[in-house]
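As structure tokens, the structure follows; a few thoughts come after it.
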Amino acid sequence: MAAFTIAAGTGNWFSALALGVTLLKCLLIPTYHSTDFEVHRNWLAITHSLPISQWYYEATSEWTLDYPPFFAWFEYILSHVAKYFDQEMLNVRNLNYSSSRTLLFQRFSVIFMDVLFVYAVHECCKCIDGKKVGKELTEKPKFILSVLLLWNFGLLIVDHIHFQYNGFLFGLMLLSIARLFQKRHMEGAFLFAVLLHFKHIYLYVAPAYGVYLLRSYCFTANKPDGSIRWNSFSFVRVISLGLVVFLVSALSLGPFLALNQLPQVFSRLFPFKRGLCHAYWAPNFWALYNALDKVLSVIGLKLKFLDPNNIPKASMTSGLVQQFQHTVLPSVTPLATLICTLIAILPSIFCLWFKPQGPRGFLRCLTLCALSSFMFGWHVHEKAILLAILPMSLLSVQKAGDASIFLILTTTGHYSLFPLLFTAPELPIKILLMLLFTIYSVSSLKTLFRKEKPLFNWMETFYLLGLGPLEVCCEFVFPFTSWKVKYPFLPLLLTSVYCAVGITYAWFKLYVSVLIDPPVGKTKKQ
């Protein structure tokens, strides 16, 4: 506390937070890393060793390049630094290659690229109003938001243990959000267009960006009741936005269009031959759907309503990424998930257009788009929950209702990431880091909104506390039971289904809040 007081006096508290988390990331360098470590090493090798015409065809490794072109060029640039660490990591045929220098380079490349994330967080903090300013530094919304973002548990374990470059990518997203809050719409649109060509998962939130920019930038004025002044439409602004998107897309996809390789690129970006769910079910609607199908199939077999010979042998929790057929419930197709996702997103888009609430309304719509896509998307990864958690962090320090939803979403979503770290040495690390982050989040937001009603009701409290017994059962009891051999994936199933309940609840609660909130009823020049 004394350190923070000193930092506050010199105006360097943000730098202290950023430096502290950077040191923690350095301490995590020797920890376990997933197959994503090899994925990115292979992409370094592909982009460094092969001409651009072969990037999206190369298949020596099973970890083929399946990110958009800007990320491929990003790996290309990194590879020219990597060669000074260990040239062998850039050999396409050196599958599963790892050395101490390779480890250091890849780990430090993630840490270094997080500089953009730190800057984006700093810009986001400028967008938070100071209405709720406590006497103590640690009670200020900007300080709390800085900790919630910079020290986000999910980002720490996914990027700096599991291994990915999400911090860099989320930095682009947060910076684009900050620019929209600052009414620098063209910059925000440019940054988001660039982000889409780094990682296409951000298409999930593209509807929120498109509608908000059209509503608040292309229409330059509202009526006193908040509705649009149709005669304020600016063709120049629409053309400007379209030109930005076109130029960014041309720069990204142009070379592959010239090579007549766009179909091949898109086949890598959108691999619909993969199954409905990942090997570990993301905690979404389909996890509940799959679990219900399992229960019904077991009941059907017990009551002899089902013929064992007609039940598909492939298990949905076999640990393999594969297509499968449901036993009792109708099997789900990519088209069905697309329709469900669009239906889930539409009400939030409707509210953004007809019930404008300024940048805060945009942020809530963005979060709902991310959550709806997570809930109903095809082959969703559990890590995608961060796409909703991080923007929700900005909302959590502004209103008590959003803080409550954030705490439920972030606690449940973060716990759902536990199966990513399944090795014994990382068990105390993930438990300790999550406990620290969760305790801080709950205590700081309760202090911030102490004059308002409690953030949780008894049911929500009971559910969140239930994560403790679930972890004890999965990590400390189950391994010593006979079920470990017969039902090896039961802990994953229980974790997925339990967390799916909490995330679904948070999604529903946020949706209700958005639907019942009144629009901002005053004319505002955008």
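Of the solvent-accessible surface of region 18-267, computed with a 1.4 Å probe over protein heavy atoms with every protein chain present, carbon and sulfur atoms account for 66 percent. Every Cα-Cα pair of region 56-184 was included, and the share exceeding 19 Å stands at 60 percent. Pairwise Cα separations in the chain fall into 10 Å bins from 0 onward with the following percentages, short to long: 3, 17, 27, 28, 17, 6, 1, 0. Ranking Glu38, Glu136 from most to least accessible surface, computed with a 1.4 Å probe over the protein chains only, gives Glu136, Glu38. Residue by residue, region 227-238 carries 3J(HN,Hα) couplings of 7, 6, 8, 4, 7, 8, 5, 10, 5, 4, 5, 4 Hz when phi is fed to the Karplus relation 6.51 cos²θ - 1.76 cosθ + 1.60 (θ = phi - 60°); x denotes Gly or Pro. Straight-distance candidates among the aspartates and glutamates for linking to Lys183, with alpha-carbon spacing under 18 Å and chain neighbours fewer than 8 residues away dropped: Glu123, Asp129.
Maximal additional length on extending the Lys484-Phe266 stretch stands at 74.4 nm, based on 0.36 nm per residue less the C-alpha distance. Filter Lys142/Lys430; Lys446/Lys509; Lys486/Lys509; Lys25/Lys135 down to the pairs with a C-alpha to C-alpha distance above 29 Å, please. Those over the limit are Lys486/Lys509; Lys25/Lys135. Remark: for residue pairs Lys199/Lys294; Lys294/Lys453; Lys355/Lys453, the C-alpha separation exceeds 31 Å in Lys199/Lys294; Lys294/Lys453.
Over all Cα atoms in region 417-469, the spread is summed up by Rg and Dmax: 14.0, 43 Å. The modelled label-to-label distance for the pair Phe456/Phe350, using points 7 Å beyond Cα in the direction of Cβ, is 3.3 nm. Accessible area of Val485 (1.4 Å probe, protein heavy atoms only, ligands and nucleic acids ignored): about 130 Å². Calculation over all alpha carbon pairs of region 18-267 in 10 angstrom steps from 0 returns a P(r) of 7, 25, 30, 23, 11, 4, 0 percent.
Please compute the net charge surrounding Phe112, taking Lys and Arg as +1 and Asp and Glu as -1 over other residues with Cβ under 15 Å from its Cβ. Every neighbour counted, the sum reads -1.
Surface composition of region 406-448: carbon plus sulfur atoms contribute 84% of the solvent-accessible area (1.4 Å probe, protein chains only, all chains present).
Taking amide hydrogens as placed 1.01 Å from N in the peptide plane, the amide H of Phe233 sits under 5 Å from those of Thr220, each at least 5 positions away in sequence or on another chain. The calculated 222 nm mean residue ellipticity attributable to helices in the chain amounts to -19500 deg cm²/dmol, summing -39500 (n - 2.57) over DSSP H runs of n ≥ 4 and dividing by all residues.
Accessible surface ranking for His33, His197, 1.4 angstrom probe, highest first: His33, His197.
Placing unit charges on the Cβ atoms of the charged side chains and taking the dipole of region 285-516 about its Cα centre, the candidate lying farthest along the positive direction among Leu420, Val298, Trp353 is Trp353.
Ordered from highest to lowest accessible area with the whole protein assembly present and a 1.4 Å probe, Ser396, Ser15, Ser53 read as Ser15, Ser53, Ser396.
For region 98-131, trypsin sites (Lys or Arg not before Pro) meeting the loop criterion (DSSP other than H, G, I, E, B) and having at most 13 other Cβ atoms within 10 Å: Lys131. The residues of the chain have, on average, 45 Å² of accessible surface per residue, using a 1.4 Å probe with all protein chains present. Modelled label positions at Val477 and Lys304, each set 7 Å beyond Cα in the direction of Cβ, lie 3.5 nm from each other. Computed with the Debye formula from one identical point scatterer per Cα of region 285-516, without solvent, the log10 of I(q)/I(0) at q = 0.11, 0.18 Å⁻¹ comes to -0.65, -1.42. Over all directions, the projected convex hull of the C-alpha atoms in region 438-526 averages 9.5 nm² in area. Put a plus charge on the Cβ of each Lys and Arg, a minus charge on the Cβ of each Asp and Glu, and nothing anywhere else: the dipole of the chain about its Cα centre is then about 1480 debye.
The values are calculated or read from the model by the stated rules, or taken from the named source; none is laboratory data. No experiment lies behind these values; they were computed from the predicted model shown. Cβ coordinates were reconstructed from backbone atoms using ideal geometry, including for glycine residues, and neighbour counts include every protein chain displayed. To get the accessible areas, we keep the full protein, side chains included, count just its heavy atoms, and leave off ligands, DNA and RNA. Shrake-Rupley method; radii C 1.70, N 1.55, O 1.52, S 1.80 Å.
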